[in-house]
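Visitor: Dumping the structure here so I can ask a few things about it.
The values are calculated or read from the model by the stated rules, or taken from the named source; none is laboratory data. As the structure is a computational prediction, the values presented were derived from the model and not from experiment. As a convention, Cβ positions derive from the backbone with ideal geometry for all residues, glycine included, and neighbour counts pool all protein chains shown.
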Amino acid sequence: MEPSAEVQAFRALLTPQGAALLARIPPYDSAKPLAAAAQLRREGVDPDLAAAALTQARLRARARTKLGAAADRMWFSADGLEQATRPAVAAGHARRFATVDPQRLVDLCCGIGGDLVALAGAAAAALGVDRDPLTVEVAVANAAAAGVGDRVEVRREDVTATDLAGVDAAFVDPARRSSTGRALDPRSWSPPFPFVLELAGRVPATGAKLAPGVPHGVLPLDAEAEWVSDGGDVVECALWCGPLATAGVRRRATLLPSGATLTGDGTRTGTVGAVGRYLLEPDGAVIRAGLVAEAADLVEGRLLDPTIAYLTCDRRPETPFGTAYEVTDVLPFGLKRLRTYLRDRGVGRLTVKKRGTAVQPETLRKQLRLHGDSEATIVLTRIAGQQSVLVVEPLDR
């Protein structure tokens with residue numbers, strides 16, 4: 001079958017002529033999106049090649065926020081960038097697989113190869129599989145750019161039909177989006193979640209990248225589920241099966257870039273008590289993993305409400321697993337009361353944090369109609385079932 005125009009244009013970028021063109025395109029400027037295109041037209045550059053080069057420059061510029069300096073050495077497709085794994089997260093996947101020293105590892109739904117490149121460093125040989133023609137081309141190019149092209153093979157095929165003979169470790173990243181948006185039901189992922197469980201039955205050393213919001217109830221009891229946050233953003237739930245799982249650990253929260261990790265079984269509820277001097281907002285990975293009670297233990301803390309993931313304690317909390325504040329006041333929630341309180345203190349800039357309330361911060365700020373030179377932070381939440389306001393000050397770390 002003749003490659004699509006999109007694939008042919010991408011291949012042209014990999015030629016010396018394409019590389020030279022890409023190297024001389026000025027840095028992407030979102031304020032002047034047409035200037036570079038017009039210049040290339042005046043120079044007589046092939047339109048398809050010019051479009052591919054400009055697209056690549058734009059995608060690399062976008063990728064720097066997510067992937068850092070590595071973006072300038074990588075190749076992208078638009079969809080591939082959206083799904084690309086952050087380097088620190090991919091490195092964590094590779095470290096996990098390195099513990100079983102696989103000879104042949106397969107990365108199913110490999111995308112543009114972010115994980116595949118990292119996993120190639122943990123195995124003697126790696127196979128990537130994806131069904132999209134352009135994605136496969138980009139993955140091959142990224143493996144070559146990373147210097148692991150000699151140990152990586154990439155195939156275009158249906159991952160559910162991939163021959164796993166000789167494979168002793170597997171990683172799978174099901175697509176969780178459809179033409180209508182994000183797919184919340186694991187059975188509607190591609191491949192569906194039951195395939196992940198079947199894969200683990202065929203290749204015991206199986207890891208999977210799942211959505212952070214995956215329901216706990218669908219996760220197998222004999223596997224380890226690890227929620228990962230990077231810079232405060234919860235980016236995935238990694239499922240580790242067979243020898244990849246840590247003995248005795250069902251739930252884990254890992255925070256990047258520090259690497260701090262917290263474990264438990266995810267079943268504890270924690271105790272509830274009165275507001276103390278300090279408030280701790282657990283990291284999103286801790287909350288998703290159901291390890292708020294374990295985080296409370298670390299700071300001798302308690303919950304403000306049995307259904308809300310805010311912790312309070314009497315001693316300054318020294319922990320990487322949350323953001324700490326000092327509580328300076330506690331008020332019952334009421335618009336007039338809060339407006340008077342803040343105006344009396346000359347607050348004109350207000351940071352609003354919330355959990356367990358339908359109040360929208362932007363709407364609240366407009367309703368408060370504040371003026372002044374001071375700034376404040378408030379937390380809208382429930383305390384023992386009652387809508388309340390905590391006035392807090394962030395603690396310096």
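Visitor: Given the condition closer than 29 Å to TRP240 by Cα, exposed (fewer than 14 other Cβ atoms within 10 Å of the Cβ) and of a type outside the set (D, E, K, R), answer yes or no: does some residue in the stretch 40-60 qualify?
Guide: The answer is no, given that none of the residues of the stretch 40-60 is closer than 29 Å to TRP240 by Cα, exposed (fewer than 14 other Cβ atoms within 10 Å of the Cβ) and of a type outside the set (D, E, K, R).
Visitor: At pLDDT below 95 and either among the hydroxyl-bearing types (Ser, Thr, Tyr) or within 31 Å of the chain's Cα centre (by Cα) (or both): which single residue out of THR307, THR377 fits that description? Before the answer, list the steps.
Guide: Details: THR377 fails: at pLDDT below 95.
THR307 is the lone residue from the list that is at pLDDT below 95 and either among the hydroxyl-bearing types (Ser, Thr, Tyr) or within 31 Å of the chain's Cα centre (by Cα) (or both).
Visitor: State whether the residues of the stretch 230-242 include one that is of a type in the set (A, V, I, L, M, F, W, C), part of a loop (DSSP other than H, G, I, E, B) and at negative phi. Explain how you work it out, then say what you get.
Guide: Narrowing the stretch 230-242 to residues of a type in the set (A, V, I, L, M, F, W, C): 234-235, 237-241.
Now drop any that are not part of a loop (DSSP other than H, G, I, E, B), which leaves 241.
Pick out the ones that are also at negative phi and you get 241.
Yes, some residue in the stretch 230-242 is of a type in the set (A, V, I, L, M, F, W, C), part of a loop (DSSP other than H, G, I, E, B) and at negative phi.
Visitor: Hey, can you tell me all the residues within the stretch 370-387 that are of a type outside the set (A, V, I, L, M), closer than 28 Å to THR307 by Cα and either in a loop (DSSP other than H, G, I, E, B) or in contact (Cβ under 8 Å) with a residue 60 or more places away in the chain (or both)?
Guide: Initially, the stretch 370-387 is screened for residues of a type outside the set (A, V, I, L, M), giving 371-375, 377, 381-382, 385-387.
Cutting the leftovers down to closer than 28 Å to THR307 by Cα gives us 377, 381-382, 385-387.
The answer is THR381, ARG382, GLY385.
Visitor: Going through the stretch 268-301 one residue at a time, which ones are out of contact with any strand residue (DSSP E or B) (no Cβ under 6 Å at 6 or more places or on another chain) and not in a loop (DSSP other than H, G, I, E, B)?
Guide: ALA293, ASP297, LEU298
Visitor: What's the number of the only condition in (1) crowded, with 24+ Cβ neighbours inside 10 Å; (2) at positive phi that ILE112 fails to meet?
Guide: Against the list (1) crowded, with 24+ Cβ neighbours inside 10 Å; (2) at positive phi, ILE112 comes up short only on (2).
Visitor: Is there a residue in the stretch 168-179 that is modelled with pLDDT under 95, outside any loop (DSSP other than H, G, I, E, B) and touching a Phe, Trp or Tyr at 6+ places or on another chain (Cβ under 6 Å)?
Guide: No.
Visitor: Would you check if there is a residue in the stretch 221-239 being more than 23 Å from LYS66 (Cβ to Cβ) and aromatic (Phe, Trp, Tyr)?
Guide: No; the residues of the stretch 221-239 include none that is more than 23 Å from LYS66 (Cβ to Cβ) and aromatic (Phe, Trp, Tyr).
Visitor: Please give the helices (runs of 4 or more DSSP H) falling wholly within the stretch 1-71 in which 3 or more residues are free of Cβ contacts under 8 Å to residues at least 24 places away in the same chain.
Guide: Correct list: 16-24, 35-42, 47-67.
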